[in-house]
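Student: One structure, as structure tokens, below. Some questions next.
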Ligand code: G4P
């Protein structure tokens with residue numbers, strides 16, 4: 001073999017090994033279920049941090065929503081913890097953080113486009129909550145493999161079988177418990193690991209360490225169990241395990257990878273309990289980087305040529321450096337520092353001299369990155385969410401949709417001298433994915449659509465502080481924005497004529513119907529059967 005060929009062969013081998021040992025995922029939850037706590041404990045296991053309390057919650061506490069300093073702080077922190085990488089038993093784990101506040105849900109949805117699997121945290125006393133349901137809808141759209149961690153077993157919880165039924169019903173996914181709790185609240189004894197056949201005994205003094213004592217159980221009928229947890233709980237456990245084995249099919253990894261069944265674990269994150277079992281199982285069954293879809297073809301991670309897309313853009317909160325960090329997910333090949341890549345949307349070649357990787361609390365400049373990794377790129381305001389980088393091929397990744405916003409306001413210029421600044425600011429904030437911009441077909445006025453109230457405050461604040469522009473909000477009554485299309489050109493033209501006052505264009509000049517009420521939307525759907533009304537921008 002010629003030298004060049006040998007080198008290529010080595011590179012490909014390394015690439016395949018690196019792909020196989022990567023797990024890129026997000027922890028998602030309704031606020032307060034324990035996402036931050038669990039993330040921290042996972043990092044603790046990986047040795048990425050050494051003491052509990054190192055990962056700051058990036059959520060904005062209730063009541064502080066109008067405190068702009070709090071917003072600044074929150075944004076500053078979330079950049080540091082946006083991606084947390086660490087090695088555990090030779091597996092490279094990348095946890096992508098998602099904002100805790102539900103007003104930033106859109107950010108979370110987008111982050112989910114960059115992960116290969118998710119862990120959902122559920123509060124065992126509260127069960128499935130609204131935000132969990134919504135996030136699961138996004139996972140379902142992409143068949144993302146899901147594991148469930150039912151948390152706070154040290155508090156009185158709902159009955160475990162009721163919880164499992166609730167997850168199945170509310171999240172519309174089959175479940176398969178791989179661990180089962182022995183009581184909860186003050187009498188919580190521990191969890192029985194159905195696949196390792198051992199009991200992890202609960203003690204609440206494990207906060208700082210990563211070890212729980214476990215007892216291997218050869219036979220669930222062994223009297224040893226009675227001696228450890230008491231006869232009453234031992235009998236209950238036997239009944240429960242019988243029921244689990246009788247009711248649920250054996251765990252099937254293929255079904256998990258296809259997003260059809262979710263393995264379920266129970267524990268108490270704050271006590272670092274049940275986390276090791278979760279992590280051990282995770283590294284065994286969770287997928288390494290999966291193929292990605294583009295408008296033209298599927299991209300396999302093993303392909304030698306580098307491809308990647310930007311799923312998140314973060315403004316630098318230092319007022320002296322208003323540059324941004326763009327987060328790129330590597331989809332295939334090996335990313336190299338100082339190598340030229342095609343920025344597909346501008347057609348320009350670009351190279352990066354200081355791409356960053358994120359290891360726990362630290363950022364560091366890297367020379368190489370592999371599929372599944374997230375690389376932070378310095379951005380002087382040229383990048384947009386969804387931008388693709390390749391070694392020359394003109395690709396556009398799909399599956400990074402905008403979601404129909406829920407709150408709308410007209411945005412007006414409040415300082416006539418600063419028109420340009422306002423336009424630039426709005427443009428860049430929209431590229432960052434802070435909100436969506438629509439232009440009314442009726443009067444050409446600009447409408448901003450968001451998923452949360454807080455975004456309006458963030459936009460106004462950032463326009464003023466980063467762009468020196470002033471804006472004013474004016475009310476507009478819209479129930480929902482939906483993207484419309486139809487093969488029936490005549491019906492589409494008729495619809496647009498009749499609904500002229502409710503029509504708008506999005507940033508990409510596509511037709512959007514702004515329905516005043518749910519009734520108006522239902523009526524439109526009924527009267528114009530050939531028109532498709534889409535609630536995400538990708539269809
Ligand atoms: P989030 O990121 O999903 O919003 O939740 P987070 O981890 O911040 O946890 C929310 C609250 O729940 C925290 O309490 C946390 O300590 C608590 N918690 C997490 N896991 C468990 C658990 O297993 N058992 C119990 N009993 N509580 C748990 P907090 O009072 O809001 O904050 P803090 O003062 O404890 O930090």
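Student: Filter the range 14-38 for residues that are part of a helix (DSSP H, G or I) and more than 16 Å from the ligand (Cβ to nearest atom) and give the result. Explain how you work it out, then say what you get.
Tutor: At the first step, the residues of the range 14-38 found to be part of a helix (DSSP H, G or I) are 14-20, 35-38.
14, 15, 16, 17, 18, 19, 20, listed by residue number.
Student: Can you tell me which residue is farthest from the ligand (Cβ to nearest atom) among those in the range 116-130 that are at negative phi and outside any loop (DSSP other than H, G, I, E, B)?
Tutor: Step one: of the range 116-130, the residues at negative phi are 116-126, 128-130.
Next, from what is left, pick out any that are outside any loop (DSSP other than H, G, I, E, B): 117-123, 130.
Details: 117: 18, 118: 14, 119: 12, 120: 11, 121: 6, 122: 10, 123: 8, 130: 14 Å.
Only one residue fits best here, namely 117.
Student: Now for a different question. Do any helices (runs of 4 or more DSSP H) lying entirely in the range 169-279 carry at least 2 residues that are modelled with pLDDT of 90 or more, more than 16 Å from the ligand (Cβ to nearest atom) and touching a strand residue (DSSP E or B) at 6+ places or on another chain (Cβ under 8 Å), and which ones are they?
Tutor: Details: elements: 223-229, 231-247, 253-257.
The helices (runs of 4 or more DSSP H) meeting that bar are 231-247, 253-257.
Student: While we're here: Tell me, yes or no, whether the range 150-157 has at least one residue that is more than 11 Å from the ligand (Cβ to nearest atom) and either surrounded by 24 or more Cβ atoms within 10 Å (Cβ to Cβ) or more than 27 Å from residue 293 (Cα to Cα) (or both).
Tutor: Residues of the range 150-157 more than 11 Å from the ligand (Cβ to nearest atom): none.
Within the range 150-157, none of the residues are more than 11 Å from the ligand (Cβ to nearest atom) and either surrounded by 24 or more Cβ atoms within 10 Å (Cβ to Cβ) or more than 27 Å from residue 293 (Cα to Cα) (or both).
Student: Only one of 11, 61 is near the ligand (Cβ under 9 Å from one of its atoms) and at pLDDT below 90. Can you tell me which?
Tutor: Numbers: 11 fails: near the ligand (Cβ under 9 Å from one of its atoms).
Matching residue, one of 11, 61: 61.
Student: Quick check, is residue 287 modelled with pLDDT of 95 or more, touching a strand residue (DSSP E or B) at 6+ places or on another chain (Cβ under 6 Å) and within 24 Å of residue 90 (Cβ to Cβ)? Break it down into steps so the answer makes sense when it comes.
Tutor: Values: modelled with pLDDT of 95 or more: yes; touching a strand residue (DSSP E or B) at 6+ places or on another chain (Cβ under 6 Å): yes; within 24 Å of residue 90 (Cβ to Cβ): yes.
The answer is yes for residue 287.
Student: I would also like to ask the following. In the set 389, 383, which member is crowded, with 17+ Cβ neighbours inside 10 Å, touching a strand residue (DSSP E or B) at 6+ places or on another chain (Cβ under 7 Å) and either without any contact (Cβ under 8 Å) to a residue 24 or more places away in the chain or assigned to a loop (DSSP other than H, G, I, E, B) (or both)? Spell out the reasoning first.
Tutor: Working: 389 fails: either without any contact (Cβ under 8 Å) to a residue 24 or more places away in the chain or assigned to a loop (DSSP other than H, G, I, E, B) (or both).
Every option except 383 fails the conditions.
Student: Could you check the range 407-423 and list, in sequence order, the residues that are crowded, with 16+ Cβ neighbours inside 10 Å and out of contact with any strand residue (DSSP E or B) (no Cβ under 6 Å at 6 or more places or on another chain)?
Tutor: 413, 418, 421
The values are calculated or read from the model by the stated rules, or taken from the named source; none is laboratory data. Being a predicted model, the structure only gives us computed values, none of them experimental. No Cβ is skipped: glycine too gets one built from the backbone with ideal geometry, and neighbour counts run over all protein chains shown.
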